[in-house]
Amino acid sequence: MERVYLDNNATTIVDPLVKEAMEPFYCQIYGNPNSLHSFGTETHPYLRLATDRIYAGIKANDEDDVLITSCATESNNAVFMSVYYSIIKDRRKNRIITTQVEHPSVTNPLKFLEKLGVEVVYLPVNSDGIVTKEMVKEYLDPDKTALVSIMWVNNETGLIFPVREIGILCKEKDVLFHSDATQAIGKIPVNVDETFVDYLSFSAHKFHGPKGVGGLYIRKGTPFVPFFHGGEQMGGKRAGTINVPGFVGMGVAMELAVNNLEYEKTKVAKLRDKLEDAILSIKDTRVIGKRELRVPNTILASFRGIEGEAMIWDLNKNGIAASTGSACSSESLEPNPVFVAMDIERELAHTGVRFSLSRYTTEEEIDYTIKVLRESVERLRSISSTY
Ligand code: PMP
């Protein structure tokens, strides 16, 4: 066994079919789609196909917009700035409701908006690790609330939030609803129609597409103020020459993601369960979040007496890539915000290790990981001062 990649919530391998589909757009079909000559116009059918695949993947309607962005971080920022300039700035409504466990690409722009005077309510998660419709409702005064932003799936725990229930509530109260679906696409069905989201963010590299391209769904009629100003691309809603290979690749990746949902639900879940059962069979371990509330690929485990960082290094020495949580905050030694929000920080301080699988994970890889993990836990606990 050479290397095992179990950090698919950080990023995924590009599907070879995606790479193949992107290839012609570097040296053959390289025109600017906005050019009037044939080099430009010959890209159009491919962009239309990619658009169709993306709309079909999230069940968007033809009249809705899907902006092609550079990543989910851009999409999230674009939503908050748009809501700020279209609704909050003139103080019609000044509140945004979110959770304490969002990705930094949600939390940090919201902290920035707080400095501009916006009231941001960070809901803590309940003992299941999610927020419920009732918890949102408590703060959802329609006269004050400009936006509710709740992630579809948490990147660290893999817990699925009740997006549809919250979407219905927001619709009833006539409050805009955004969901960061970066960790949901390719793992569970994502349907913007059924869930009443007004804005939805996603990123291709989390579902076997290329890095540097993402999407922002905007429901028809939803206010939107551009984040990027410049040329007239995307109807003036997102200026800048489009990343053609990335867009084409994201289209194929989206289609493959949807076609493989059943595989995720059965085969990936089975491998995840095997690894999870093995972890739980080790003394003094814990997995965060009920299995039935999680996407099929994620395990956030804690091994009492072992620092998450120590475990990651030990696994890495044996060729296994796991993570202490979000790759975007892995350089900080701050306590895991999910543990803090779930009120289990004192018990589990710094011991979280995330294993995230994909449709490329094999049973041999899981068997090897289980073997290494058992040895690793024994070795690290034998030298631990807290076990
Ligand atoms: N939201 C969530 C839930 C994520 O997991 C990530 C990536 N870790 C992002 C947003 C940001 O994605 P990107 O780095 O592609 O902008």
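Looking at 178, 208, can you tell me which residue is closer than 22 Å to residue 14 by Cα, away from the ligand (no atom under 11 Å from the Cβ) and touching a helix residue (DSSP H, G or I) at 6+ places or on another chain (Cβ under 8 Å)?
Details: 178 fails: closer than 22 Å to residue 14 by Cα.
208 is the lone residue from the list that is closer than 22 Å to residue 14 by Cα, away from the ligand (no atom under 11 Å from the Cβ) and touching a helix residue (DSSP H, G or I) at 6+ places or on another chain (Cβ under 8 Å).
Among the residues of segment 294-326, how many are within 21 Å of residue 345 (Cα to Cα) and touching a Leu at 6+ places or on another chain (Cβ under 6 Å)?
Narrowing segment 294-326 to residues within 21 Å of residue 345 (Cα to Cα): 294, 298-312, 322-326.
Among the residues that remain, those that are also touching a Leu at 6+ places or on another chain (Cβ under 6 Å) are: 294, 302, 306, 310, 322.
Final tally of qualifying residues: 5.
Residues that are within 23 Å of residue 193 (Cβ to Cβ) and touching a helix residue (DSSP H, G or I) at 6+ places or on another chain (Cβ under 8 Å): does segment 75-97 have at least one? Within segment 75-97, one or more residues are within 23 Å of residue 193 (Cβ to Cβ) and touching a helix residue (DSSP H, G or I) at 6+ places or on another chain (Cβ under 8 Å). Checked across segment 269-281, the condition of being under 22 Å from the mean Cα position of the chain (by Cα), closer than 20 Å to residue 72 by Cα and modelled with pLDDT of 95 or more holds for no residue.
The residues on offer are 168, 242, 185, and the sole one that is of a type in the set (A, V, I, L, M), within 19 Å of the chain's Cα centre (by Cα) and assigned by TED's automatic domain parsing to the domain that holds residue 32 is 185. From the list 227, 196, 247, pick out the single residue that is surrounded by fewer than 23 Cβ atoms within 10 Å (Cβ to Cβ), within 16 Å of the ligand (Cβ to nearest atom) and either at positive phi or in the same structural domain as residue 88 (by TED's automatic domain parsing) (or both). From the options 227, 196, 247, the qualifying one is 227.
Residue pairs whose Cβ atoms lie under 6 Å apart, sitting 6 or more positions apart in sequence or on different chains, and linking a residue in segment 1-20 that is modelled with pLDDT under 95 to a partner that is of a type outside the set (Gly, Ala, Ser), are 1/368.
The values are calculated or read from the model by the stated rules, or taken from the named source; none is laboratory data. For clarity, every value in this text was computed on a predicted model and none was experimentally measured. Cβ atoms come from the backbone with ideal geometry, glycine included; neighbour counts cover every protein chain shown.
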